[in-house]
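Written out below as structure tokens is the structure these notes cover.
Nothing in this text is a laboratory measurement; each read-out follows from the coordinates by a stated rule. This one's a predicted model, so the numbers in the text were calculated from it and none came from an experiment. Cβ placement follows ideal geometry from the backbone for every residue including glycine, while neighbour counts extend to all protein chains displayed.
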Amino acid sequence: AHLRARRLAGGDVSVTWVRCARIGGDSWGAGDPPLGPEGERYRIEVLDGAAVRRAVETDKAAWLYPEAEQVADFGGLPSALTLKAAQLDAGGRPGLNKRLTITL
């Protein structure tokens with residue numbers, strides 16, 4: 001999963017990860033692992049302890065957490081974020097998730 005996050009110059013946070021294969025196992029060679037026929041979909045959660053401050057879904061292995069949403073969620077720009085990312089199956093159910101706490 002290799003979940004990563006970094007604060008950009010304007011205050012937004014860029015979150016990226018490496019997706020896992022849905023069929024055929026992960027590739028050890030060059031290129032992305034294979035996807036199933038349903039494509040890809042992810043759920044990202046921004047946590048504050050056990051509480052979910054924000055949950056979003058995306059069809060890319062990347063998400064931008066805008067500065068304005070951070071202020072709405074935390075009352076200011078947080079110095080650290082705890083994120084959880086999971087790939088969703090065709091029925092919308094999350095698979096294994098990756099959790100990361102990062103100081104920004």
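Descriptive notes on the structure:
- Amide hydrogen proximity for Val13: with H placed 1.01 Å from N in the peptide plane, the residues at 5 or more positions away or on another chain lying under 5 Å are Leu8, Tyr65, Glu67.
- For region 83-88, putting each phi into the Karplus relation 6.51 cos²θ - 1.76 cosθ + 1.60 with θ = phi - 60° gives couplings of 10, 10, 10, 9, 7, 9 Hz, in residue order, rounded to whole numbers and with x for Gly and Pro.
- Listed values for region 44-49 are Karplus-derived 3J(HN,Hα) couplings in whole Hz (6.51 cos²θ - 1.76 cosθ + 1.60, θ = phi - 60°), namely 10, 10, 9, 9, 10, x, and x replaces Gly and Pro.
- Computed packing ranks the peptides 80-88, 46-54, 61-69 as 80-88, 61-69, 46-54, most packed first, by mean other Cβ atoms within 10 Å.
- Modelled label positions at Ala51 and Ala68, each set 7 Å beyond Cα in the direction of Cβ, lie 2.3 nm from each other.
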